[in-house]
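To start, the structure under review is shown below, and the notes come after it.
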Amino acid sequence: MPAPLLPPGALDLTGAAAGGRRALQRQTMAALNAAGYAEVITPTVEYEEVFLRAGGAPVAERLLRFVDRDGRILALRYDFTASIARVAATTFADHTGPLRLAYTGPVFRQDPDRGGPPRETLQLGAELFGVPGLEGDLELVRLTLALARAAGLGDFQLNLGHVGALAPGLAALEPELRVRVLRWIDRKDKANLTRALEAHSAAARALTALAGVIGRRAELEAAIADAPPAAHLALGHLLALDAALSAQDRSHVVYDLGEVRGLDYYTGIHFELFVAGIGRAAGAGGRYDGLVGRFGRERPAVGVSLDLDTLAAGQEGEAG
């Protein structure tokens, strides 16, 4: 049998599949430009340090890397956020006021277990720098919902949480137990969670109830009534964001306090975009105020990244 001509996880896109993705790029980039986000084109190849500085050890095994003629280790673009943060901290180091940047193109990741998503996916996204707190969060949530509409989606949902809701309880746990608790929260394993936390502080025990909160404003209001005081700021932030959204936007938002993937990366709100009939997230984002400072001058930041391949699958599903 001849050797395969495509490596695992690589795809050829032809005909309608190729045309659909280009149309998605045009439609969503036009929406970003209309919202005041200027496109930035970053290199396909960066020093691996850029991605490791942004994402840490978990990123290392997923980089597609090689050595250049100078002996430096390079990597194909793992994500855009690290590169855009580098640009914001260097090229725009002296920029004052809000900075709105957009991007689109392929990202490259390898799965250590040779399963999961393709090695190359097409992304589009936006980063807002210099606007802290509710104002910046509200802009990005509205922008994400507008991008879903620009992509032609009708049936979609934004699952929105805040790291501060679970942070007080997690901080009360020793590191080894914290790892197990995060795994149980991710698996929605309430039984193990309850048993492990029953002898701990009130803040730790509150994790069992808070991690199970998923729903609309009423569920948030019920949660804040019983949450430890240290979690009130985060829950109040989500309630204020909800109050500022239009009824149309609010109809697509569900608050999910039990989403813990990426918890060490985000510093405030975090969210995932889901399309009806597709079992994986079509986009994700949130606030990561500590990221730009890893490359230079610190600056508050919040952003969103969309997986155009998944959005294309969502379009096809709705059309069918």
Open item on the list: Let me spell it out: the conditions are (1) at pLDDT below 95; (2) surrounded by fewer than 16 Cβ atoms within 10 Å (Cβ to Cβ); (3) over 26 Å from residue 209 (Cα atoms), and residue 121 meets all of them except one. Which number is the exception?
Closed with: (2)
- [ ] State all residues of segment 236-276 that are open to solvent by less than 30 Å² (accessible area, probe 1.4 Å), within 23 Å of residue 152 (Cα to Cα) and among the aromatic types (Phe, Trp, Tyr); if no residue qualifies, say none.
- [x] 271
TODO: Among the residues of segment 214-229, write down those that are within 13 Å of residue 165 (Cα to Cα) and assigned to a loop (DSSP other than H, G, I, E, B).
DONE: 227, 228
- [ ] Taking residue 110 as meeting all but one of (1) closer than 16 Å to residue 270 by Cα; (2) modelled with pLDDT under 95, write down the number of the exception.
- [x] (1)
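Based on this model, can you work out whether residue 280 counts as under 30 Å from residue 93 (Cα atoms) and either β-branched (Val, Ile, Thr) or in a loop (DSSP other than H, G, I, E, B) (or both)?
Numbers: under 30 Å from residue 93 (Cα atoms): no; either β-branched (Val, Ile, Thr) or in a loop (DSSP other than H, G, I, E, B) (or both): yes.
Taking the combined requirement at face value, the residue does not satisfy it.
With respect to residue 284, determine if the residue is at pLDDT below 90 and either touching an Asp or Glu at 6+ places or on another chain (Cβ under 6 Å) or not β-branched (Val, Ile, Thr) (or both).
On the way: at pLDDT below 90: no; either touching an Asp or Glu at 6+ places or on another chain (Cβ under 6 Å) or not β-branched (Val, Ile, Thr) (or both): yes.
The answer is no for residue 284.
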Open item on the list: Among (1) closer than 26 Å to residue 258 by Cα; (2) touching a strand residue (DSSP E or B) at 6+ places or on another chain (Cβ under 8 Å); (3) at pLDDT below 90, there is one condition residue 145 misses while meeting the rest; what is its number?
Closed with: (3)
- [ ] Could you identify the single residue in 213, 254 that is farther than 21 Å from residue 179 by Cα and of a type outside the set (Gly, Ala, Ser)?
- [x] 254
Open item on the list: Can you report the number of residues in segment 196-222 which are within 24 Å of the chain's Cα centre (by Cα) and more than 15 Å from residue 185 (Cβ to Cβ)?
Closed with: 5
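Can you work out which of the residues in segment 290-310 that are open to solvent by 10 Å² or more (accessible area, probe 1.4 Å) and in a helix (DSSP H, G or I) is nearest to residue 137 (Cα to Cα)? Quick ask: steps written out before the conclusion?
So the first thing to find is which residues in segment 290-310 are open to solvent by 10 Å² or more (accessible area, probe 1.4 Å), and the list is 290, 293-300, 305, 307, 309.
The next check asks that each one be in a helix (DSSP H, G or I); those that pass are 293-294, 309.
Values: 293: 19, 294: 21, 309: 25 Å.
Restricting to residues being open to solvent by 10 Å² or more (accessible area, probe 1.4 Å) and in a helix (DSSP H, G or I), the top hit is 293.
The values are calculated or read from the model by the stated rules, or taken from the named source; none is laboratory data. For clarity, every value in this text was computed on a predicted model and none was experimentally measured. Because the Cβ atoms are built from the backbone with ideal geometry, glycine has one as well, and the counts that use them run over all protein chains shown. Areas reflect the complete protein model, heavy atoms only, side chains present, ligands, DNA and RNA absent. Shrake-Rupley method; radii C 1.70, N 1.55, O 1.52, S 1.80 Å.
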